[in-house]
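The values are calculated or read from the model by the stated rules, or taken from the named source; none is laboratory data. Being a predicted model, the structure only gives us computed values, none of them experimental. In this analysis, Cβ positions are derived from the backbone assuming ideal geometry, glycine residues included, and neighbour counts consider all displayed protein chains.
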């Protein structure tokens, strides 16, 4: 193999685009195959914490990103479900940069996709290409597409999400388990939102069996809302499935009137089931590997899904650049560096729903008291202070 392997990336989402951008920065070319006919805004809002913001700065896209992103002044603002009483809040405006060298931002997913797309050559992104399988070949993997074309390459990166074709080909992981939870999401025009939701704050309303998060996105023009509730018999895991405002209101009946006003302005909320997937012990087989949600789907309670995909991309690019002539060795190095961290995040994210959804009573009162004394920004330094370069430089 030459020193510059051919690299195919399946998936043109945040992880796939970040992988292509970091590979290009490391001097390696890649080709992205995305099944959608266009890169759309499905997914609404996300949080870009310091560990992800720092990597966007390394790519040279942070300044462009912040033109539409919202810099948070307050985060981890927990409010009681019934009356909106603040249980705790973190001053991000002064603490984030002091502790971790970057701020925390919220953004529409489309705005992050846009700056990452501009970090890779336009002709390397092939839209409308749906991969249907990974074919065994002597020496080189091959991808089969729905139009019958077969593409051979040196390296395959499966950044194709929770329903990953590459993950299915590499692993025999059990079917996802019913978690008992579902999520609703919506974007509300800022002028229709109550004043508490228009602040540069990430607010979490917590109560029995439910919680709801909101924060501004799109330069403050919209408020992103995501809510979590018992799933009942709902089991559809899709970004395009919808609910009604009435269904979402029914879940939060009796909650603070300001929160109900926000929900009433939500239009047609999206709805999806949270399915539980156990961490994988291996991501790679020879020159084929996984990245982002395809490798480590996690519940969104620590808002690290996009950040971990970007971290994966940075470490993967460094590993491949160091061992370009031996991709299998590079990918083993990559998964060894990343699996312990992403597994830990999967586990802590999984456990968060129980804490947020406690019924009123002694356990809830103890939790609220603990929140009042906590410093989550400092306590989660292992998340926000991560440096992929330092990790990749550890002895082999």
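Of all residue pairs spaced 6 or more apart or on separate chains, those with beta-carbon atoms under 8 Å, a first member in the stretch 280-301 that is at positive phi and a second member that is surrounded by fewer than 24 Cβ atoms within 10 Å (Cβ to Cβ) and assigned to a loop (DSSP other than H, G, I, E, B) are 286/141; 292/161.
Every residue in the stretch 207-246 that is in contact (Cβ under 8 Å) with a residue 24 or more places away in the chain and part of a helix (DSSP H, G or I), please. Within the stretch 207-246, just 245 meets the criteria. Residues in the stretch 333-359 that are in contact with a strand residue (DSSP E or B) (Cβ under 9 Å, 6 or more places away or on another chain) and in a helix (DSSP H, G or I): 6 in all.
Determine, yes or no, whether residue 116 is part of a helix (DSSP H, G or I), at pLDDT 95 or above and within 30 Å of residue 142 (Cα to Cα). Yes, satisfied. Restricting attention to the stretch 296-331, the residues that are touching a helix residue (DSSP H, G or I) at 6+ places or on another chain (Cβ under 9 Å) and not in a loop (DSSP other than H, G, I, E, B) add up to 25. With respect to the conditions (1) in contact (Cβ under 8 Å) with a residue 12 or more places away in the chain; (2) farther than 24 Å from residue 302 by Cα, residue 168 falls short on a single one, namely (1).
All conditions but one from (1) touching a helix residue (DSSP H, G or I) at 6+ places or on another chain (Cβ under 8 Å); (2) at pLDDT 95 or above; (3) farther than 28 Å from residue 139 by Cβ; (4) in a loop (DSSP other than H, G, I, E, B) apply to residue 27; the one that does not is (3). Of all residues in the stretch 276-295, those that are in a helix (DSSP H, G or I) and out of contact with any strand residue (DSSP E or B) (no Cβ under 8 Å at 6 or more places or on another chain) total 2. Across the stretch 144-167, the number of residues qualifying as under 18 Å from residue 5 (Cβ atoms) and in a loop (DSSP other than H, G, I, E, B) comes to 3.
All of 128, 180, 161 fail the test of being buried (at least 18 other Cβ atoms within 10 Å of the Cβ), within 24 Å of the chain's Cα centre (by Cα) and on the phi > 0 side of the Ramachandran plot, apart from 161.
To keep it simple, each residue is scored yes or no on (1) within 24 Å of residue 37 (Cβ to Cβ); (2) in contact with a helix residue (DSSP H, G or I) (Cβ under 9 Å, 6 or more places away or on another chain).
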position: 109; (1), (2): yes, yes
position: 116; (1), (2): yes, yes
position: 119; (1), (2): yes, yes
position: 129; (1), (2): yes, no
position: 138; (1), (2): no, no
position: 163; (1), (2): yes, yes
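Taking the conditions (1) crowded, with 20+ Cβ neighbours inside 10 Å; (2) closer than 25 Å to residue 358 by Cα in turn, residue 216 satisfies each one other than (2). Does the stretch 302-317 include one or more residues that are farther than 11 Å from residue 346 by Cβ, in contact with a strand residue (DSSP E or B) (Cβ under 9 Å, 6 or more places away or on another chain) and without any contact (Cβ under 8 Å) to a residue 60 or more places away in the chain? Within the stretch 302-317 (the criterion being farther than 11 Å from residue 346 by Cβ, in contact with a strand residue (DSSP E or B) (Cβ under 9 Å, 6 or more places away or on another chain) and without any contact (Cβ under 8 Å) to a residue 60 or more places away in the chain), the answer is no, since none of the residues qualifies. Of the residues making up the stretch 345-379, those that are in contact with a helix residue (DSSP H, G or I) (Cβ under 9 Å, 6 or more places away or on another chain) and free of Cβ contacts under 8 Å to residues at least 60 places away in the same chain are 345, 348, 349, 351, 352, 355, 367. When 344, 264, 332 are checked against the criterion of being surrounded by fewer than 22 Cβ atoms within 10 Å (Cβ to Cβ), farther than 22 Å from residue 13 by Cβ and under 16 Å from the mean Cα position of the chain (by Cα), 344 stands alone in meeting it. Being in a helix (DSSP H, G or I), surrounded by fewer than 22 Cβ atoms within 10 Å (Cβ to Cβ) and under 17 Å from the mean Cα position of the chain (by Cα): is that true of residue 367 here? It is false that residue 367 is in a helix (DSSP H, G or I), surrounded by fewer than 22 Cβ atoms within 10 Å (Cβ to Cβ) and under 17 Å from the mean Cα position of the chain (by Cα).
Of all residues in the stretch 247-259, those satisfying the criterion of being assigned to a loop (DSSP other than H, G, I, E, B) and at negative phi are 252, 253, 255, 256.
Here's a check for you: in the stretch 171-206, which residue that is in a loop (DSSP other than H, G, I, E, B) and in contact with a strand residue (DSSP E or B) (Cβ under 6 Å, 6 or more places away or on another chain) is nearest to residue 71 (Cα to Cα)? The extreme case among them is 200.
What's the total number of residues in the stretch 63-81 that are under 21 Å from residue 224 (Cα atoms) and either touching a helix residue (DSSP H, G or I) at 6+ places or on another chain (Cβ under 7 Å) or surrounded by fewer than 19 Cβ atoms within 10 Å (Cβ to Cβ) (or both)?
First, the residues of the stretch 63-81 that are under 21 Å from residue 224 (Cα atoms): 64-81.
From the residues that got through so far, the ones that are either touching a helix residue (DSSP H, G or I) at 6+ places or on another chain (Cβ under 7 Å) or surrounded by fewer than 19 Cβ atoms within 10 Å (Cβ to Cβ) (or both) too are 64-65, 67-69, 71-76, 78, 80.
Residues in the stretch 63-81 being under 21 Å from residue 224 (Cα atoms) and either touching a helix residue (DSSP H, G or I) at 6+ places or on another chain (Cβ under 7 Å) or surrounded by fewer than 19 Cβ atoms within 10 Å (Cβ to Cβ) (or both): 13 in total.
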